[in-house]
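Engineer: So that we are looking at the same thing, I have put the structure below in structure tokens.
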Amino acid sequence: MELRLILILIGAVIIAAIWLFSRQRGPSAGAAGREAPVLHDESFPEDHFPSETIPGSSAKTAPVREQGEQLILALHVMPRTGMPFSGAAVRDALDACNLRFGRYQVFHRLDAPGGNSVFSVANVVEPGSFDLDSLDGSELSGLTLFMVLPGPRGGVASYADMLATSRQLAQALDGEVLDQDRSTLTRQTARHIRERIITFETQLRMRRPS
């Protein structure tokens, strides 16, 4: 099945949706380098997120977007100080996370060397792509990490990986992790997103009996 991800903006400065035109995922990739911060299915990082309770928040209101048989998930890594990220620092941070530049001129977590994209990292500013030739001398307003389920791995494991990677990027860049709606990502929100993923995949299996 070929799968193409197309980035569009949420508002003026973030990516609003990813359109899937069926059939195979296939970002271009380099050889695997440093070890990626991949977590197991049972692991879900919450420790370093704020723990505030959001009134009325639940798995049903968690910031995700469901479109038919696809679940779109996104996180943002934004500067704490309001000052943009250095392009050179962003390149180093992405490389340290073992993210590979490829299709659509964005970075990808691959499920294997030369394999499928588990999630991607884009420039927060439209159209989301990176210019590698000018990246080191540029400044970036932020990064968007996004994924579409179903994907090449289980949803909980994939999202845990994306969460861990967003935290690693935020630490390296002195940034903060925001949810899909650009609100602070709390422990409660992270748990609710996990619940939404589990519910989505359960419902998908029921709609697609083996």
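Engineer: Under 16 Å from the 7 Å Cα→Cβ point of GLU69, by amide nitrogen: which residues of the stretch 174-210?
Structural biologist: 200-210
Engineer: How would you classify the stretch 69-115 from its alpha-carbon gyration tensor, with a ≥ b ≥ c the square roots of the eigenvalues: rounded for a/c under 1.5, else prolate if a/b is greater than b/c, otherwise oblate?
Structural biologist: Oblate, since a/c reaches 1.5 and b/c is not below a/b.
Engineer: For ASN123, what charge total do you get from the other residues with a beta carbon under 13 Å from its beta carbon, if Lys and Arg give +1 and Asp and Glu give -1?
Structural biologist: Net of charged neighbours comes to -2.
Engineer: Could you please report the charge total around GLY137, scoring K, R as +1 and D, E as -1 over all other residues with beta-carbon less than 12 angstrom from its beta-carbon?
Structural biologist: Taking every other residue near GLY137 into account, the sum is -3.
Engineer: Moving on. How many angstrom separate the Cα center of the stretch 191-210 from the Cα center of the stretch 101-154?
Structural biologist: What the calculation gives is 25 Å, centre to centre.
Any read-out appearing in this document is the output of simple, stated calculations on the displayed coordinates, not a laboratory observation. Being a predicted model, the structure only gives us computed values, none of them experimental. Note that each Cβ is placed from the backbone with ideal geometry, even for glycine, and that neighbours are counted across all protein chains shown.
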